[in-house]
Amino acid sequence: MSVDAETGRGHRGSRILADLTSGGARGAAIALASTAVFFGLIALAVVTSSGWDDVRRAFFNGDIFRDSFPEIARAFLVNIKIFLIAEALILVVALAIAVLRSLPGPVLFPFRALAIAYTDLFRGIPTILVIYILGFGAPALELSNVPKSPMFWGITALVLVYSAYVAEVYRAGIDSVHPSQEAAARSLGLSRATTLRFVILPQAVRRVVPPLLNDFIGLQKDSALVALIGPIEAFRQAQIDQAATFNYTPYVATALLFVLLTIPMARLTDWLIARDRRRQSAGGAR
Amino acid sequence: MRLKIALLVVSTALLAAVATGCGGSDKSASTTEAAAASCDKDTLSLIKEGQLTIGTDNPAFPPWFGGTPPKGSKWKISDPTSGEGFEGAVAYAVAKELGFAKDEVKWVVVPFDQSFKPGSKSFDFDINQISFTPQRAKSVDFSDSYYNVNQALVGVKGTPIASVKSAADLKDYKLGVQIGTTSYDYVVNTIKPDKQPSVYNNSSDVNSALKARQIDGIVVDLPTAFFITGAEQVPNSVVVGQFPTKKTPEHFGLVLTKDSDLTECVDKALASLKSDGRLADIQREWLSNKTSAPVLK
């Protein structure tokens, strides 16, 4: 599994701390000293550069940060809404596509072809284009019964794009379940559908949880793209504040919010990968 | 283990001290040059010697700019180098006043949000319907006014918003505005609609949203409102009305680098264009039929 490379040696708990202490007390002291010197030099280079005063005024202005942060945090709820709705839909749509693609037999070829065409198309088009095309294009058709709301079309675009990625992740999981599992289940008298539901998918999904979370971190960030077609979410609110003050601190505040949200997700992913690894190396069934 | 954690904490604290300690170096004296700036063409401090570099956004829209971009030109919709359109004409009039011939003027594309980024600028001045606000003036220099502007409302004929008579009637409508504009400020601070306005990156996106009926109306400056309706940027659109002039009228200014020597000279040029009526002539030529619309009290 490619994810193994990321986990490195058998770390438990906080991996930064584990790394730091792996060389004993002397090693830790050296690591700390080298860290202090390294970052100290960088900090010194930055703050003594000729443009630092300008940069500090433009990006790290405390007053503007305090003024803009509450508004941006409120707008960030829109991002959270966007990706929570999108994530739930993506899990379902992508699974359906992955299952379609793994259907066997020549009769079902059209479904497989459709699933392949879908993933090829939506992984190929930049997300920003899908959002523009659907966001302004679909409502302009003025069809009755078709919602015009930019939130609706923004979320739809994200679901379409990310489902293509996530379907591939699912498919990798399904393919990774050994064919003998299916053969065994079928020989016990389980139907093809039951086998898929109770034997293949539970194993497949468990294996792909880390890469799934990885895609969702990407989705959380891309929720900012929905701003392009009108809704005021965190990035748009930051742009509004930036345009009013000609100062970039609101962007830094927004970046901070996104990082605060994605870091727990990233750590959770790391932890899941490590747990998975432990289970497998413990010699469990697999 | 405990010792190691303590070490980690101490070193982190040290780092933080380094970072904050260095942050305290306040810029001492912002040397405001004694106003000895002569406006002699040869002594002006310019981006590129011997030429006046003027910035505006691309596409450049009528009635602010005019002319047809020649084939292969980077400009879309209008051609700033033609000197046509209100801002095109003002830019060349200021240039002439400063002593620059037409072929000594060079135009650069400056998206709205680039005109005020920190550090050096790519233009000597920028002319792009940028309204003066005290907040903006902290980051860049503004020239004196070259145009006093009112905000206006664009809607689609036959929809409820087209029959609105006052700003107070707009509470229930979904309005669209371009980001960073005083139109946005006007919607949020003066109209205060119950529905959150939709905000777009550029004017084309605002128009697209009205075309798609995702918004009920656009708030934009009056001459641009007439361009949207007149040039069918949004089919069947109509200028519903203009909003009343504020106590201190909103005005457009040329944008220059903060504390630029050039600001004073540009102001002198504008003053001379105003005093002998040339600015009024330019306005009559390019904006005369674009200033009358019912006032939305």
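The values are calculated or read from the model by the stated rules, or taken from the named source; none is laboratory data. Treat the numbers as computed from the prediction; the structure is a model and nothing was measured. Heads up, the Cβs are rebuilt from the backbone with ideal geometry, glycines too, and the neighbour counts pull from every protein chain shown.
Step by step: first the residues of the range B:69-116, then only those that are outside any helix (DSSP H, G or I) and free of Cβ contacts under 8 Å to residues at least 12 places away in the same chain, then the one that is nearest to B:S45 (Cα to Cα). Which residue is that? That would be B:A101. Within the range A:56-106, being within 14 Å of chain B (Cβ to nearest Cβ), in contact (Cβ under 8 Å) with a residue 12 or more places away in the chain and in contact with a Gly (Cβ under 9 Å, 6 or more places away or on another chain) holds for A:A58, A:F60.
Matching residues to (1) closer than 24 Å to A:Y165 by Cβ; (2) aliphatic (A, V, I, L, M); (3) modelled with pLDDT under 90; (4) touching a strand residue (DSSP E or B) at 6+ places or on another chain (Cβ under 9 Å):
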| site | (1), (2), (3), (4) |
| --- | --- |
| A:L188 | no, yes, no, no |
| A:D215 | yes, no, no, no |
| A:L219 | yes, yes, no, no |
| A:P231 | yes, no, no, yes |
| A:Q242 | no, no, yes, no |
| A:T249 | no, no, no, no |
| A:D270 | yes, no, yes, no |
| A:R275 | yes, no, yes, no |
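Restricting attention to the range B:111-163, the residues that are within 11 Å of chain A (Cβ to nearest Cβ), hydrophobic (A, V, I, L, M, F, W, C) and either touching a Ser or Thr at 6+ places or on another chain (Cβ under 8 Å) or within 12 Å of B:K258 (Cα to Cα) (or both) add up to 4. Flag: B:V206 matches the condition of being part of a helix (DSSP H, G or I), hydrophobic (A, V, I, L, M, F, W, C) and farther than 30 Å from B:F100 by Cβ.
Among the conditions (1) crowded, with 18+ Cβ neighbours inside 10 Å; (2) farther than 30 Å from B:K138 by Cβ; (3) not β-branched (V, I, T), A:F76 misses just one, which is (2). Checked against (1) among the aliphatic types (A, V, I, L, M); (2) assigned to a helix (DSSP H, G or I); (3) over 26 Å from B:V140 (Cα atoms), B:A293 meets all criteria but (2). A Cβ distance below 6 Å, combined with a sequence gap of six or more or placement on separate chains, defines the contacts here; from the range A:22-46, residues that are more than 7 Å from every other protein chain (Cβ to nearest Cβ) and part of a helix (DSSP H, G or I) reach residues that are surrounded by 13 or more Cβ atoms within 10 Å (Cβ to Cβ) and not polar (S, T, N, Q) in the pairs A:A31/A:L20. If I filter the range B:123-134 for residues that are without any contact (Cβ under 8 Å) to a residue 40 or more places away in the chain, assigned to a helix (DSSP H, G or I) and surrounded by fewer than 20 Cβ atoms within 10 Å (Cβ to Cβ), do I get at least one hit? Yes, the range B:123-134 contains a residue that is without any contact (Cβ under 8 Å) to a residue 40 or more places away in the chain, assigned to a helix (DSSP H, G or I) and surrounded by fewer than 20 Cβ atoms within 10 Å (Cβ to Cβ).
Could you say whether any residue in the range A:127-146 is assigned to a helix (DSSP H, G or I) and in contact with a strand residue (DSSP E or B) (Cβ under 9 Å, 6 or more places away or on another chain)? No, the conditions are met nowhere in the range A:127-146.
Taking B:K171, is it among the basic types (K, R) and in a loop (DSSP other than H, G, I, E, B)?
Considered against the rule, which asks whether it is among the basic types (K, R) and in a loop (DSSP other than H, G, I, E, B), B:K171 comes out as no.
If I filter the range B:180-187 for residues that are assigned to a loop (DSSP other than H, G, I, E, B), facing another protein chain (nearest Cβ under 7 Å), touching a residue at least 12 places away in the same chain (Cβ under 8 Å) and buried (at least 22 other Cβ atoms within 10 Å of the Cβ), do I get at least one hit? There is at least one residue in the range B:180-187 that is assigned to a loop (DSSP other than H, G, I, E, B), facing another protein chain (nearest Cβ under 7 Å), touching a residue at least 12 places away in the same chain (Cβ under 8 Å) and buried (at least 22 other Cβ atoms within 10 Å of the Cβ).
Condition test on B:D144, is it in a loop (DSSP other than H, G, I, E, B), more than 12 Å from the chain's Cα centre (by Cα) and touching a residue at least 12 places away in the same chain (Cβ under 8 Å)?
Considered against the rule, which asks whether it is in a loop (DSSP other than H, G, I, E, B), more than 12 Å from the chain's Cα centre (by Cα) and touching a residue at least 12 places away in the same chain (Cβ under 8 Å), B:D144 comes out as no.
Among residues of the range A:113-148 being among the charged types (D, E, K, R) and touching a Lys or Arg at 6+ places or on another chain (Cβ under 9 Å), the one that is farthest from the other protein chains (Cβ to nearest Cβ) is A:E142. For the range A:124-160, a tally of residues being aromatic (F, W, Y) and closer than 15 Å to A:I85 by Cβ returns 2.
Only a single criterion out of (1) surrounded by 13 or more Cβ atoms within 10 Å (Cβ to Cβ); (2) within 23 Å of A:P202 (Cβ to Cβ); (3) within 16 Å of the chain's Cα centre (by Cα) is not satisfied by A:A88, namely (1). Of the helices (runs of 4 or more DSSP H) lying entirely inside the range A:172-271, those carrying at least 1 residues that are of a type in the set (S, T, Y) are A:179-187, A:192-195, A:234-245. Against the criterion of being surrounded by 15 or more Cβ atoms within 10 Å (Cβ to Cβ), closer than 30 Å to A:W271 by Cβ and without any contact (Cβ under 8 Å) to a residue 40 or more places away in the chain, A:A204 qualifies. From the list B:D124, B:D103, B:D169, B:D144, the one residue that fits, being modelled with pLDDT of 90 or more, among the acidic types (D, E) and more than 21 Å from B:T56 (Cα to Cα), is B:D169.
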